[in-house]
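The next block holds one structure in the form of structure tokens; read it before the comments.
The values are calculated or read from the model by the stated rules, or taken from the named source; none is laboratory data. Bear in mind the structure is a predicted one, so any value in this text is a computation, not a measurement. Here Cβ is always computed from backbone atoms with ideal geometry, including for glycine, and neighbour counts include all displayed protein chains. For accessibility, only protein heavy atoms count, side chains too; no ligands or nucleic acids. Shrake-Rupley method; radii C 1.70, N 1.55, O 1.52, S 1.80 Å.
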Amino acid sequence: MRFSSNVKLFVLLLIVGIFLLLGYVHYSFFNERLNGVWCEASNRDIPVDEDQRNTSLSKPIFRSRVRNIISPERLLYKQPSVLVGRTDVMAVTPWSAPIIWEGTFDPDLIDIIYKSMNLTIATTVFAVGKYVRFLRDFLETAEKHFMVDFNVRYYVFTDRPDDVPSVNMSQGRHLSVIQVPGSNRWQEISARRMEIIQTAIERQISREADYIFCLDVDSKFHARWGAESLGRLVAVIHPWLYQATRDQFTYERRPASTAYIPMDEGDYYYAGAVFGGSVEDVYTLTKVCRKQLEEDARNSIEAAWQEESHLNRYLLYNKPSKLLSPEYQWDDTKTNTNEVKVIRFSTVIKNYAEIRPNV
């Protein structure tokens, strides 16, 4: 029996269509399973105590879109060095979280994916006492380089609201000023950050943003800081210790402190000047650190580097889903190194004796 050419073409198209349909069904099923596994794993990473279960935040007041989609960071950074390629730096952690360096991501692809989500990024900054003088440079450079073309809400905590400068904001970007008390000790201001951020998330930020970054005000932006930095829980590797060995990390080493980390433990040393992630995950972080800071205070203990010590303790046992390289928190007093191809955000040079109430 012979078939006409039209019949043969029809049969061929039918076979191809069947294969495409089977492939689509398999792909959809795989993605659904991947999303479920990722969300389940994400939830397991967050320690929940009874106090947290009983807070108003146990109700669904968080903007939930971040957890209800397949994470673009998993799709783009599962093997981050493959994207463009860096062989001179470590681009992935031992627990498979990406470490973001220049040359390990495609900014155009990142923007296409994330900008379609209409996300809002919260940014907290403390301008207490004389530190308010750094606020203008922080905000003006942020408007040039930080999350450009995204919705951004700046939350400025200050004891000098009248000194907050007027800065032109791009469309979709807003500034809220929240008054907080001053202090005669900079260490106390530092230690109170976790409590203040936690409270602000409960009262306002949780309803207004999807992601949040907590940044130091005595810093400036110099180059792109974009959606490549977004993740469930994000930390930055300290610029002075990213080449150091574990025994050189300045963790809190006294067992009496709740920030204690033994000498044989630790992954990286994280800078307290930058941390972030989804609003829900950062809320959990600030709540846990606040409780530990308060427990230390009751026992008349102050960790070596206040909230930074407690941040490092938390992130040791609650692994970040993404690390930012020292490009995202450089220090202007430090000489540039070959690994750092671009400085995106840096701490400015200043006279601590002049701006701090005590040294």
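At a glance:
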{"read-out": "Search result, residues across segment 335-359 that are open to solvent by less than 70 Å² (accessible area, probe 1.4 Å) and out of contact with any strand residue (DSSP E or B) (no Cβ under 9 Å at 6 or more places or on another chain)", "value": "THR337, GLU339, VAL342, LYS350, ILE355, ARG356, ASN358"}
{"read-out": "Residues of segment 120-149 classified as of a type outside the set (Ser, Thr, Tyr) and either in contact with a Ser or Thr (Cβ under 7 Å, 6 or more places away or on another chain) or open to solvent by less than 10 Å² (accessible area, probe 1.4 Å) (or both), total", "value": "13"}
{"read-out": "Condition met for ARG203 (over 30 Å from ALA353 (Cα atoms), touching a His at 6+ places or on another chain (Cβ under 9 Å), open to solvent by 50 Å² or more (accessible area, probe 1.4 Å) and charged (D, E, K, R))", "value": "no"}
{"read-out": "Inter-residue pairs, beta-carbon under 6 Å, first among the polar types (S, T, N, Q) and in segment 246-260, second open to solvent by 70 Å² or more (accessible area, probe 1.4 Å) and outside any loop (DSSP other than H, G, I, E, B), 6+ apart", "value": "THR258/GLU295"}
{"read-out": "Filter result for SER278 (polar (S, T, N, Q), closer than 30 Å to GLU140 by Cα and touching a Ser or Thr at 6+ places or on another chain (Cβ under 7 Å))", "value": "no"}
